[in-house]
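Presented below is the structure to which this report refers.
Readers should treat all values here as calculations from the given coordinates under stated rules, not as data from a laboratory. The model shown is predicted, which means the values in this text are computed figures rather than measured ones. With ideal geometry, Cβ positions are generated from the backbone for all residues, glycine too; neighbour counts draw on all protein chains shown.
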Amino acid sequence: MSIAENYRNVRGRIAKACARVGREPSEVTFVAVTKYAPIDAVNELIALGQRDLGESRPQQLAERAELLQREAPIWHLIGHLQRNKARKILPLVSLIHSVDSVRLLEALDRLAEEMDLRPRVLLEVNVAGEESKEGFEPTELRAAWTRIEKLSRLDVCGLMTMAPYAEDPEVVRPVFRQLRELRDELAASGPLRLPELSMGMSGDFEVGIEEGATIVRVGSVLFDGN
Ligand SMILES: *Cc1c(COP(=O)(O)O)cnc(C)c1O
């Protein structure tokens with residue numbers, strides 16, 4: 001299958017998943033995850049009309065942002081950000097999906113003040129409590145919430161999770177549901193509305209959409225067809 005076919009296929013599956021639960025495809029931002037794709041494949045995708053691109057390594061994002069300046073993609077950082085890379089990354093990205101500690105949040109808030117920016121960030125949550133995953137534990141996030149609400153220079157606009165790998169995407173449905181419920185709980189407790197839910201990858205993006213994802217992050221099914 002070509003990238004063009006894979007691309008139409010994913011767009012079609014997003015539309016169908018939306019239709020199943022009475023949502024509009026325009027409510028779901030499709031981020032094409034290009035971390036393993038060669039630059040030619042990224043260019044092909046841009047030529048097909050894809051604008052939102054996701055990279056997990058800040059260094060590769062920065063290099064590609066420079067290379068693709070003319071095409072002006074909308075960049076999403078979806079992987080771990082070290083504080084010492086933040087200064088370089090902040091002006092390049094539209095959304096950081098993967099903020100995983102209060103320390104990083106506070107560092108970004110200070111940098112945003114200094115650089116006169118208002119970065120949009122999501123908080124990564126380790127819903128399933130997996131050892132190997134980054135992210136806040138739900139209890140940790142609740143405990144830090146009043147501190148997070150005070151970060152005046154950041155637009156904390158939602159939550160992100162990575163579900164555990166599963167053959168059957170139904171297995172991850174409860175994980176996505178818990179992320180949505182945690183969002184509802186936090187939004188009800190204070191001023192932050194948290195409209196964005198970034199959940200769903202190649203193996204489970206349709207379940208993510210059915211459970212309320214506003215952003216899905218899809219890589220391998222676009223470039224390898226599976
Ligand atoms: C790699 C990655 C994705 C995309 O995963 P695929 O299974 O290739 O679609 C999504 N989100 C994050 C955080 C990733 O690191």
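Observations
- Fewest-first sequence of S94, S2, S132, S56 by Cβ atoms within 10 Å of each Cβ: S132, S2, S94, S56
- Phi to ³J(HN,Hα) by Karplus 6.51 cos²θ - 1.76 cosθ + 1.60 over the stretch 107-112, Hz, x for Gly, Pro: 5, 5, 4, 5, 5, 4
- Legend: ranking of residues R23, R142, R118 from fewest to most surrounding C-beta atoms inside 10 Å; resulting order R118, R142, R23.
- Spatially proximal lysines relative to K88 (Cα-Cα < 30 Å; intrachain offsets below 8 disregarded): K35, K133, K150
- Per-residue ellipticity at 222 nm computed for the chain from its helices equals -12000 deg cm²/dmol, with DSSP H segments shorter than 4 residues left out and the rest contributing -39,500 (n - 2.57).
- Placed amide H near L123: partners under 5 Å, 5+ positions off or other chain: G158, L159, M160
- Computed over the chain: relative contact order in percent, which uses C-alpha pairs under 8 Å that are six or more apart: 22
- Annotation: Cα Rg of the stretch 47-104 relative to the compact-globule expectation 2.2 N^0.38 Å equals 1.12.
- As a rough guide to protection, the peptides 196-209, 33-46 ranked by mean Cβ packing within 10 Å, highest first, stand as 196-209, 33-46.
- More than 20 angstrom apart: percent of Cα pairs within the stretch 79-226: 47
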